[in-house]
Every structure is written in structure tokens, then in C-alpha cells.
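The values are calculated or read from the model by the stated rules, or taken from the named source; none is laboratory data. All values reported here derive from a predicted model rather than from experimental measurement. Cβ atoms come from the backbone with ideal geometry, glycine included; neighbour counts cover every protein chain shown. Please note that ligands, DNA and RNA were not included when accessible areas were found on the heavy atoms of the full protein model with its side chains. Shrake-Rupley method; radii C 1.70, N 1.55, O 1.52, S 1.80 Å.
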Amino acid sequence: MSEIKTQLVVLGAGPGGYSAAFRAADLGVETVIVDARDTLGGVCLNVGCIPSKALLHVAKVIKEASHLSKHGVTFGEPSFDIDKIREYKDSVVGQLTKGLAGMSKMRKVNHVQGYGKFTGANTLEVDGKEGKTTITFEKAIIAAGSEPVSLPFIPEDDRVIDSTGALEMKDIPEKMLVLGGGIIGLEMGTVYEALGAKIDVVEFLDQLIPAADKDIMKVFTKTYKDKFNIMLETKVTAVDAKDDGLYVTFEGKQAPSEPVRYDKVLVAVGRRPNGKVLDADKAGVNVDERGFINVDKQMKTNVDHIFAIGDLVGQPMLAHKAVHEGHVAAEVIAGQKHYFDPRCIPSVCYTEPEVAWVGLTEKEAKEKGVNYETATFPWAASGRAIASDATDGMTKMIFEKDTGRVLGGAMVGTNAGEMLGEIGLAIEMGADAEDVALTIHAHPTLNESIGLAAEIFEGSITDLP
Ligand code: FAD
């Protein structure tokens, strides 16, 4: 058993954990980071954001190439080498994890591999490949993230996969069911469809990506109907694993009357915080019944010297939220007076078209009784969208009715996520419609649509198609 004494231990090396550790080290705090994985980067870098985006890039190029045949350029039928595609994805992950290891070394952050659990208010025991280590710390940041939710009635079977299994890309099934119409399921379904799988998506609620506005999802769903067979207001009630496939029984509005056979089922029904498996109670940290840890605006738990960040402190479970929370925790630990108090956190679904929103959605504005007005610009009226064969899109802005202040914005369309930053900045800066309308956007760009939506609100554009 080896022993380490440190000023700060960070438990979990995802985007929250490594951002916190690096910021703390930069501010002169002696830091140890613990993770069960061999590499830094957590879920996001190893089995989440990054590998999925590498595969989505491949999917997008396949689709774009095939669309060009409409415009006189034909490449022929694509053929797929699944091993090479997997290698590409792994190389992207490898490049970034190597970069993080270098950044960690440069800052003298000590990376201890192993599974950590609290043994007291100032001690953590880590069980790793090299044996056990006891870490005595002055301060701790819990950044242990989340894991996929599994459904109890679905049998354990190699053909039932979660997002991590889907990213392994062992093979391309002929027919796959995506159980859950949220972001992760839609992204992975997009990859497998581009590589030749037939995809069914089943969603219990009445729209895909339930957090996004209905009109945005209507545009998305219209486009995706060509790619996926989508069953809304429908649920899976049983999965029967037989030799020749998984037989799935459905119930609800669009349920097939007989069980349907699939080669694979991807369960993508959400993620569960890892708060319950850390023995946090031994350090006196309260964990709620779902596994979340409650924190204040400085990311402090109920125990003054222990902080928590990332997926395990609550929604939205997104990497960029974890990073910002990590910075706040580290800065507070280093003696600075900082708070996590953003006006908005962007969300993006990296399908094609992408779905992106930031700030208030219309749904939330209604629920909160906000006096708002929306302005939407259809991409069918955008020169750049027409020139790029990307007219399946829409930009929607939400303004405070009386003041014109920007409250939120949403987009569906190619590269929507890349354009969201402008709306986020407008919200953070307290900008109003006039500020956005008077900002000269380059022509022809898709993000002109943000300025044009502001002009619609202002009343200076009235003749849209
Ligand atoms: P995590 O990244 O979950 O990392 C936690 C780490 O803690 C893990 O490495 C785990 O091994 C370690 N750990 C847990 N318990 C222990 C323990 N007891 N001892 C030692 N180590 C432990 N978010 C986005 O913003 N954009 C995206 O495009 C996006 N795409 C995604 C795609 C997929 C397929 C998935 C699954 C997720 C995606 N996410 C995305 C979500 C994003 O990955 C998470 O929000 C983010 O990783 C959370 O960061 P975190 O720091 O809280 O912890």
C-alpha cells in the first residue's frame, strides 16, 4: 500500500476533473488526479463526445458525397472497412488523450490510476493496477461523472449495447433499434445508418429530443424520416433474445402489432450519476437517492472542503458545463472568489442536420410565464443554405417582448452547433434584438440567419417566403 499526501485530490478525470486539476495546478495547488481508466479524458474523450464526433464526421462525408449525385457528381457506391473506421476513431481519441497526458505532466499533476473510494473526510483509497494507494488530502473535488442507464427488463446479451458498445463498432448490424430518441441515440443511429444499417427509433414521448422546441424538432424529424423509422409515443415492453435475433415487443401509438426482430438494440435512455458508488458518506458528503451530489454556486458540497462538479451534480450532463464548473471549484480552492452562475448553457445534437439551442426554449418561456416573442428565419430563404443544398433548417430567436432582450435561440440545420456561440454571447451580454440586427454578419453565411431573425423581430423584414 503506497501513501500520498496532497493539497487537492480530484476524483475522476473527465472534462470536469482534468479542467479542475489543471486550473488548480496552474494556480499553485499541489494536485493528484484519480481515475479508474488508464487515460485522462473521462467519458467525453474516451467513450463519449469525441469518438462519436469522429464517427459522425465519417457519416456526414458519406451522406454529402452521395447527395452530390443530384448535382452531377457521382462517386459510386461507398464500401466500408469497419476496422479502418474504428482505427480512425481510436486515433482521434489517442491523439487527444496523449495531449492531456502531456498537459498533466507539464503541470506536475500526479495521475493515479485506480478506482477511488472515500474512507474518511480527508482520505481516499485507490485500488489500481499497481496496487492500493491511500491519499490524504486537504481538499477534494468529486468529478466521477455518470454512466448509461440500463433497463431491468432487457436481457443481458452481446447484441444489446449502450453508447460505449455502439462506439466499439464491432460490426454493422443489418437492423438496429435505438431505444430512446435523445441526443446520444440519434447521434449513434446516424452513424450506423450511414454505414448501411436500417434504424428504428422508439421514443416514449411525443417528440424526439424532448428538451428542444417542437417546431425545431418538426424540421428535424421531417428530414430524418428518410433515414430512420421513428415511433413516437411508443415504448418497448419486452426484448426476447433468440438465436436469430432480438425480438422486441412494443406498446403505444406507433407500436407494431407483432414483435419485431433486430440484430442489435442500442439502449440510449439516459445517464445515471455515479454519486452512490464512492462511499461519499464516509466523508460526510450527502448524495441524493438518484446519485446526484448537491452543490452551491461555488461547487461546494455540504462538507466545506469537498467540492463536486460535472454530470454528478445535475443536468445538463454536458462536457462544457463540467469544464466551467471545474474551473470554478479549482479557483475557489486556490482562494479566489468565483461562482458558477452562467445565464445559459448550450446544447447540441450533432446529427445531420444538427439541433442546437441555448438559453430559454419557447417551452420554458411558456412554463415560466415570460412575456416573449419568437422570430424564425427559414433556411429555405438563405442564399448560403440554398447554395450548399442545406435548406432543411431554421433559426429561431426568443426575445423579451417589451425590451427585445435576447432570451434564447435554437437552430436546426447543418453546422447549427457552430453558430450557437453568437446567441450564447448575446444572452450573456444582455444584448437585445437591435444589437444583433445591427451586427453585420458576413454574406453569404448560415449565421446571417441570426441577424435576420433579429430583423424580423424588429419588424424590418416582413416578406419571407
Ligand atoms: P466523466 O466524463 O463522466 O468522467 C468521469 C470519470 O470518472 C470517468 O473517467 C470514470 O472512469 C471516473 N470515475 C468514476 N468513478 C470513479 C471512481 N470511484 N474512481 C476512479 N475513477 C472514477 N457532452 C457534450 O457536451 N457534448 C457532446 O457531444 C457529448 N457527446 C456525448 C456522447 C456520448 C456517446 C456520451 C456517452 C456522452 C456525451 N456527452 C457529450 C456527455 C459528456 O460525455 C459528459 O457530460 C461529460 O463527460 C461529463 O464529464 P464529467 O467530468 O462529469 O465526468
query: In segment 20-55, what residues are more than 8 Å from the ligand (Cβ to nearest atom), assigned to a helix (DSSP H, G or I) and open to solvent by less than 10 Å² (accessible area, probe 1.4 Å)?
result: Ala20, Ala21, Ala24, Ala54, Leu55
message: Given the criteria in a loop (DSSP other than H, G, I, E, B) and either open to solvent by less than 20 Å² (accessible area, probe 1.4 Å) or farther than 25 Å from Ile345 by Cβ (or both), does Lys170 qualify?
response: yes
message: more than 30 Å from Gly42 (Cβ to Cβ), open to solvent by less than 60 Å² (accessible area, probe 1.4 Å) and in the same structural domain as Ile184 (by the TED database): which single residue out of Ala241, Ala212 fits that description?
response: Ala241
Only listed residue being outside any strand (DSSP E or B) and surrounded by 20 or more Cβ atoms within 10 Å (Cβ to Cβ), chosen from Ala322, Ala356: Ala322
- prompt: Would it be correct to say that Val269 is in contact with a Phe, Trp or Tyr (Cβ under 9 Å, 6 or more places away or on another chain), open to solvent by 10 Å² or more (accessible area, probe 1.4 Å), part of a loop (DSSP other than H, G, I, E, B) and not aromatic (Phe, Trp, Tyr)?
  reply: yes
field: Any hit, segment 226-238, residues being part of a strand (DSSP E or B), among the small types (Gly, Ala, Ser) and either open to solvent by less than 60 Å² (accessible area, probe 1.4 Å) or within 16 Å of the ligand (Cβ to nearest atom) (or both)
entry: yes
query: So is Gly189 under 20 Å from Asp263 (Cβ atoms) and under 16 Å from the mean Cα position of the chain (by Cα) or not?
result: yes
query: Any idea which of Lys108, Lys89 is of a type in the set (Lys, Arg), over 25 Å from Thr301 (Cβ atoms) and assigned to a helix (DSSP H, G or I)?
result: Lys89
- line: Filtering segment 272-294 down to residues that are assigned to a loop (DSSP other than H, G, I, E, B), under 29 Å from Ile209 (Cα atoms) and open to solvent by 40 Å² or more (accessible area, probe 1.4 Å) yields Val287, Asp288, Glu289, Arg290, Asn294
field: Some residue of segment 118-135 being without any contact (Cβ under 8 Å) to a residue 12 or more places away in the chain, in a strand (DSSP E or B), within 16 Å of the ligand (Cβ to nearest atom) and open to solvent by 30 Å² or more (accessible area, probe 1.4 Å)
entry: yes
- line: Residues of segment 366-395 being assigned to a helix (DSSP H, G or I) and touching a strand residue (DSSP E or B) at 6+ places or on another chain (Cβ under 6 Å), in sequence order, are Trp379
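The rows are residues; the columns are (1) open to solvent by 30 Å² or more (accessible area, probe 1.4 Å); (2) at positive phi; (3) in the same structural domain as Gln315 (by the TED database).
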{"residue": "Asp81", "(1), (2), (3)": "yes, no, yes"}
{"residue": "Lys84", "(1), (2), (3)": "yes, no, yes"}
{"residue": "Lys98", "(1), (2), (3)": "yes, no, yes"}
{"residue": "Ser104", "(1), (2), (3)": "no, no, yes"}
{"residue": "Ile142", "(1), (2), (3)": "no, no, yes"}
{"residue": "Phe153", "(1), (2), (3)": "yes, no, no"}
{"residue": "Thr164", "(1), (2), (3)": "yes, no, no"}
query: Just checking, how many residues over segment 390-409 are in contact (Cβ under 8 Å) with a residue 40 or more places away in the chain and open to solvent by less than 70 Å² (accessible area, probe 1.4 Å)?
result: 12
- prompt: out of contact with any helix residue (DSSP H, G or I) (no Cβ under 7 Å at 6 or more places or on another chain) and assigned to a loop (DSSP other than H, G, I, E, B), is that true of Thr74?
  reply: yes
message: One residue is enough: does segment 307-318 have a residue meeting the conditions in the same structural domain as Pro15 (by the TED database) and more than 20 Å from the chain's Cα centre (by Cα)?
response: yes
